[in-house]
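Reviewing the structure listed below.
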Amino acid sequence: MDLRKLKTLIDLVSESNISELEITEADGKVRIVKADPHAMVAAPQMTYAAAPAAPAPPVAVAAPAAEVAVPVEIGHTVKSPMVGTFYGAASPGAKPFVTVGSTIKEGEPICIIEAMKIMNEIEADKSGTVTKVFCENGQAVEFGQPLFIIE
């Protein structure tokens, strides 16, 4: 990956509300993590599948935050498939896709996650009743973060 492309990616991450970006190409893999201004900076971390054409500058990686204990819930957990912004409805002021107590079928839309200005409709991967909603409208979500519990 050339230096200009890497610099552009770093600038995009720093100017956006995403906290992490990982790009894999034929000549290597780059992971950019936005540093928390209050966290200490860890050692630079870069991984390449093959030797790069030119040496790339190190990318600062924020120290991992303390893990937050999530209580174990009974039922099927729907997790975020990507990093982005959670929206429970199709537009501001619209009725939410699902609420606690909603009965849903597999394949029905349950929320939207906006990632890089693209609205990604997330569908239920199981039929049942929504017993818990973990996120609020406009909340940033991470990959694998619980969104809903379906029983």
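None of the figures in this text is laboratory data; all of them are computed from the coordinates on show. Worth saying up front: this structure is predicted, and the values here are computed from it rather than measured. Note that we place each Cβ from the backbone using ideal geometry, even for glycine, and neighbour counts take in every protein chain shown.
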Practice task
State the extension gain, in nm to one decimal, for the chain segment bounded by E25 and S91, taking 0.36 nm per residue of separation less the distance between their alpha-carbons.
Solution key: 20.3 nm
Fill in the blank from the handout: With a Förster distance of 22 angstrom and the Cβ-Cβ distance between T131 and N17, calculated FRET efficiency to the nearest 0.05 equals 0.15
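List, in the order given, every pair from K29/K117; K29/K105; K34/K126; K95/K126; K7/K126 whose Cα-Cα distance in the structure shown is over 30 Å.
Values: K29/K117 23 Å; K29/K105 38 Å; K34/K126 34 Å; K95/K126 21 Å; K7/K126 41 Å.
Violating the 30 Å Cα-Cα cut-off are K29/K105; K34/K126; K7/K126.
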